[in-house]
Amino acid sequence: MRANLQWLVILTVIALAAQGLTQVLPPYFGQLLILACINAILAVSLNLVNGLSGQFSLGQAGFMAVGAYTAASLNVFGLGFLHGTPLGDQAALLLSLLAAAIASGFVGYLVGLPTLRLRGDYLAIVTLGFGEIIRVIILNIQAVGGARGFISIPNSTSAFLVVFLLSAFVLLTHRFVMASQGRALLAIRENEIAAEAMGVDTTTYKVGAFVVSSAVAGVAGGLFAHYLSYINPSSFDFMKSVEIVIMVVLGGMGSVSGAILAAFILTFLPEALRPLQDWTHVDLRMVIYSFLLIVMMLVRPQGMLGRREIWELFKPRSPQ
Amino acid sequence: MEGFLQLLLNGTALGSIYALIALGYTMVYGILRLINFAHGDIVMVGAYAGLFTALAVNGPAHPDLFHFFIVLLAAMAVSALLGLFIERFAYRPLRNFPRLNLLITAVGVSLLLENLGQVVFGATPRVFPDIMPSMNWFQFGQVAITNQQVTVFGTSLFLMVVLEWIVLKTKLGRAMRAVSYSHEIASLVGIPTDKIISFTFAVGSALAAAAGILVCISYPKVDPLMGVMIGLKAFVAAVLGGIGSIRGAVVGGFLMGIAESMVVGYGSSTYRDALAFAILILILLFKPAGLFGKYQPEKV
C-alpha cells in the first residue's frame, strides 16, 4: 500500500512537471509534446500485443477510433450538464475516458475472441480488416458526423492528464511483465506450443492482452478527441495503424521505453523534416517512414532497444 | 434474369483479374510462407508501366491487339524486374529470421511503393488510354459481352494455362514444387533454391502486372493507391481457395469477382469493399485452410 502511494506521488510529480513544461515552452512545442504523449500511449498499448505476446495486430487505429467516438459522443450528448466549471469539465472527461476504455475493450473482445485463434500473418490481415470495417461503420453513422467529422468536442485534455495516464500505463505494464501473468505472455511469445504444453491457457491470455491493449488505445483515442476537439474517420485509417506498428517495431518489440522513445521520435521527426518538405514541395514523410522500417528490419531487426528497457542499458548484461 | 446474366459476366471478367493476382500471392506463400503485402502495389507499378508504354508507342491512336500486347509485355517485364529486386534486397537477407520480421518488411515495402508512387507519379489519378477498340461481341437483349471483357478473360485464361504448364510440366516447375515442399531437401538434391525463389517472384509479379493492365482496360484509371484494395481482395481470394494452392487461387478469384459483382448489383456498392473482409473473416473462422488447402497442424 505504501509503495503504491509512493508511486502515485511520483506519477503526480512527473505529470505536474509536464504541465509546467507545456506552460513554459512555446505553444507549438507544448502541442507536439502532448501529441507525442498520446502517440506514446498508443505505442505502449500495441506493445502489449505485438511486443509482449508476440501477435501481430494491424488494426490499432480502429480501437482508437472506437474510444475517440465513444468518449466524444458521451461527453457531448450525455454529460453536457457537467460542463461549465473546470472541475465539471474534468469529471466529464474522466467519465468519457472510462466509457471509451470499456467500449474499446469490449470491441477488442469481440474481435479478439475469434481472431486470436489464428496464426501470425492471418491475424495481421484480419485485424487490418476489422480496423477498416470499424472505420467504414463510423463513416456511415450520421449522428457523429459521418465523413464530415465530429465537431465541437470540449477541449479539456491537459498535459497533466496525458502524462499522468502515460506514466501510469508504463508502470502498470512494467509490473505486469514482472508478474506471473506477464511471464505467461512472454512464454507465448517465445513459443506458443511450448507455453501451452506448460499449462498456459494461451487463448485466454492472448485475448486478455488484446482486450487491455484495445482499452488503452481507446483511452488514447478519447484523449486525442478531447485535445483536438475535432475528429474525423480518416484520422483513424490504416496509415495510423501502421504508424503505431512502426513505433513499436522501431523502439524494439517488447520494450516499453523503446516504444515511447520511438513515438517521440516519430512525432517530432516530421516537424524536423518540414524544411525538407518546403524545399522539395513533396510530402516525403511516409516515404522516409517506410524506408526506415525496411532498413531497420534489415540492419537491426530487434529495434533500437531490442527487448531491453532504457534503464537496463547501463546495467551489465546478465549472463545468458 | 438478364440482369443476373450480365452481373455474372461482369463478375467473371473481374474474377479472372483477381485470380491472376491471387496466383502471385499463393505462389509466394507456397514457397516462402510469406504474405507478400507488396503484391498489390506491384499491380499498381505494372499499370503505370503500361500507361507510359501506351503513351510511348502512341497506343491510343492505334487501338489494336498488337499494341495491347506490347503494353502488356512491357508492363510484365518491368514488374518482373521489380519483383526480383524486392526479393533480392528486402526479403532474401531476412530469410533465416523469424517470419514476423519478414512480414513487417513486406508491409514496409508496400508502404514504400505506395508513397514513392505518390511522389514520383503524383497523387492525382491519371486516365489510362483506350488501347483496345470498344465494341460488343455479342448482344442478347440487355446482355452484352464487350471487347474489354473478352480481352480480360482471354488474356487471364491464357496466362493461367501457361502457368499451369510451367508448374506441372517443366523442370523449372518441378523444382518450384520441390522448394515449396522443403528448402533444405530441395537444395540437398541440387536445386538452386535462391534462383527458384527469384523465378517465383518474377512470375508472380509479371502476372500481377498483367492483372494491372487488365484492370486498366476495364476501369481506365491509374493512381498510386489502386493496388491496395485490389491486392487485399485478391489476397482474400487466395485464402478463400486455400493459400498455397494454385487451382484454389483461380477458383477463389472467380468466386470473389462474381460475389462482388452480385453485391454491387443487388445490394449496395458501399458494401463492395466490406464484402472482401466479411468473406475473409468467415473463411478463417470456419474453414481456415480454404476450399482447396490442406490443414497442417503446427509442430514444435
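Screening the stretch B:72-89 for residues that are farther than 11 Å from B:Ala49 by Cα and surrounded by fewer than 20 Cβ atoms within 10 Å (Cβ to Cβ) and picking the one that is nearest to the other protein chains (Cβ to nearest Cβ) gives B:Phe89.
Picking from residues in the stretch B:93-131 that are in a helix (DSSP H, G or I), over 14 Å from B:Phe37 (Cα atoms) and in contact with a helix residue (DSSP H, G or I) (Cβ under 7 Å, 6 or more places away or on another chain), the one that is farthest from the other protein chains (Cβ to nearest Cβ) is B:Phe121. Checked against (1) under 18 Å from A:Asp237 (Cβ atoms); (2) in a helix (DSSP H, G or I); (3) not hydrophobic (A, V, I, L, M, F, W, C), A:Gly112 passes all but condition (1). Consider A:Leu98 carefully, then state whether it is surrounded by fewer than 22 Cβ atoms within 10 Å (Cβ to Cβ) and not in a loop (DSSP other than H, G, I, E, B). Here the answer is yes, as A:Leu98 does meet what is asked. Among the numbered criteria (1) of a type outside the set (Gly, Ala, Ser); (2) more than 14 Å from every other protein chain (Cβ to nearest Cβ); (3) part of a loop (DSSP other than H, G, I, E, B), which one does A:Arg183 miss? Condition (3) is where A:Arg183 drops out.
Total residues in the stretch A:32-72 satisfying the condition of being under 28 Å from A:Leu116 (Cβ atoms) and assigned to a helix (DSSP H, G or I): the figure is 27.
Tell me the residue from B:Leu172, B:Leu157, B:Leu188, B:Leu163 that is modelled with pLDDT of 90 or more, exposed (fewer than 13 other Cβ atoms within 10 Å of the Cβ) and among the aliphatic types (A, V, I, L, M), please.
Details: B:Leu172 fails: exposed (fewer than 13 other Cβ atoms within 10 Å of the Cβ); B:Leu157 fails: exposed (fewer than 13 other Cβ atoms within 10 Å of the Cβ); B:Leu163 fails: exposed (fewer than 13 other Cβ atoms within 10 Å of the Cβ).
Result: B:Leu188 is the single residue among B:Leu172, B:Leu157, B:Leu188, B:Leu163 that is modelled with pLDDT of 90 or more, exposed (fewer than 13 other Cβ atoms within 10 Å of the Cβ) and among the aliphatic types (A, V, I, L, M).
The single condition from (1) in a helix (DSSP H, G or I); (2) under 27 Å from A:Ala92 (Cβ atoms); (3) away from chain B (no Cβ under 11 Å); (4) not β-branched (Val, Ile, Thr) that A:Ser152 fails is (1).
Search the stretch A:109-129 for residues that are more than 8 Å from chain B (Cβ to nearest Cβ) and touching a residue at least 40 places away in the same chain (Cβ under 8 Å) and pair each with any residue that is surrounded by fewer than 24 Cβ atoms within 10 Å (Cβ to Cβ) and polar (S, T, N, Q) when their beta-carbon atoms are under 9 Å apart and the residues are at least 6 apart or on different chains. Pairs found: A:Leu113/A:Thr203; A:Leu116/A:Thr202; A:Leu116/A:Thr203; A:Arg117/A:Thr203.
Tell me, please, whether a residue that is in a helix (DSSP H, G or I), within 11 Å of chain A (Cβ to nearest Cβ), at pLDDT below 85 and buried (at least 19 other Cβ atoms within 10 Å of the Cβ) can be found in the stretch B:230-240. So far as the stretch B:230-240 goes, no, none of its residues is in a helix (DSSP H, G or I), within 11 Å of chain A (Cβ to nearest Cβ), at pLDDT below 85 and buried (at least 19 other Cβ atoms within 10 Å of the Cβ). Selection within the stretch B:262-294: residues that are closer than 18 Å to B:Val28 by Cα and at pLDDT below 75. The member of this set that is surrounded by the fewest Cβ atoms within 10 Å (Cβ to Cβ) is B:Lys294.
If you filter the stretch A:234-288 down to residues that are part of a helix (DSSP H, G or I), among the small types (Gly, Ala, Ser) and crowded, with 19+ Cβ neighbours inside 10 Å, you find that the one that is farthest from the other protein chains (Cβ to nearest Cβ) is A:Ser257. Is it fair to say A:Gly62 is of a type in the set (Gly, Ala, Ser), at pLDDT below 95, surrounded by 24 or more Cβ atoms within 10 Å (Cβ to Cβ) and more than 22 Å from A:Ala15 (Cβ to Cβ)? When the stated conditions are applied, A:Gly62 passes them.
Could we say that B:Ala259 is in a helix (DSSP H, G or I) and either loosely packed, with under 15 Cβ neighbours inside 10 Å or modelled with pLDDT of 80 or more (or both) here? In short, yes.
Would the stretch A:49-62 turn up any residue that is out of contact with any Ser or Thr (no Cβ under 7 Å at 6 or more places or on another chain), within 28 Å of A:Phe210 (Cα to Cα) and hydrophobic (A, V, I, L, M, F, W, C)? Yes, the stretch A:49-62 contains at least one residue that is out of contact with any Ser or Thr (no Cβ under 7 Å at 6 or more places or on another chain), within 28 Å of A:Phe210 (Cα to Cα) and hydrophobic (A, V, I, L, M, F, W, C). Does at least one position in the stretch A:258-279 carry a residue that is among the polar types (S, T, N, Q) and at pLDDT 85 or above? Scanning the stretch A:258-279 turns up at least one residue that is among the polar types (S, T, N, Q) and at pLDDT 85 or above. When A:Arg135 is tested against (1) buried (at least 20 other Cβ atoms within 10 Å of the Cβ); (2) touching a Ser or Thr at 6+ places or on another chain (Cβ under 9 Å); (3) touching a residue at least 24 places away in the same chain (Cβ under 8 Å); (4) away from chain B (no Cβ under 14 Å), just one condition goes unmet, and that condition is (4).
The values are calculated or read from the model by the stated rules, or taken from the named source; none is laboratory data. What you see is a predicted model, and the numbers here were worked out from it, not measured in a lab. When we count neighbours, we look across all protein chains shown, and the Cβ atoms used for this are built from the backbone with ideal geometry, even at glycine.
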